[in-house]
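The values are calculated or read from the model by the stated rules, or taken from the named source; none is laboratory data. None of the values given here were measured: they were computed from a predicted structure. FYI the Cβ positions are ideal-geometry reconstructions off the backbone, even for glycines, and counts take in every protein chain you see.
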């Protein structure tokens, strides 16, 4: 689960801050998230990527902060997990 909000008060960059919770039945590793700025048709007009953590145990949460360039026509932001590796068999290495 991802909870986030966008701070649009800076003129040059938007700061998207939030928390990522590992809802998988196993630990996850090397986790990154991407924040996308969307226009009114849903097209991505800007994005930023942030590394979250090397390991997030199942059920645990980690904070993140992503910088996204300011772009014209942005109506909303979306945050997605862009990369991760899952533990095999529910065990940590």
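Tabulated results
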read-out: Residue, surrounded by the most Cβ atoms within 10 Å (Cβ to Cβ), within segment 75-89, restricted to residues that are in contact (Cβ under 8 Å) with a residue 60 or more places away in the chain and in contact with a strand residue (DSSP E or B) (Cβ under 8 Å, 6 or more places away or on another chain); value: 79
read-out: Given (1) surrounded by 13 or more Cβ atoms within 10 Å (Cβ to Cβ); (2) assigned to a loop (DSSP other than H, G, I, E, B); (3) free of Cβ contacts under 8 Å to residues at least 40 places away in the same chain, index of the condition residue 26 fails; value: (3)
read-out: Breaking point among (1) buried (at least 16 other Cβ atoms within 10 Å of the Cβ); (2) in a strand (DSSP E or B), for residue 49; value: (1)
read-out: Candidates 6, 54 - the one that is at pLDDT 95 or above, assigned to a strand (DSSP E or B), surrounded by 18 or more Cβ atoms within 10 Å (Cβ to Cβ) and touching a strand residue (DSSP E or B) at 6+ places or on another chain (Cβ under 9 Å); value: 6
read-out: Answer residue from segment 12-23, given it is closer than 20 Å to residue 76 by Cβ and loosely packed, with under 14 Cβ neighbours inside 10 Å and is modelled with the lowest pLDDT among those; value: 12
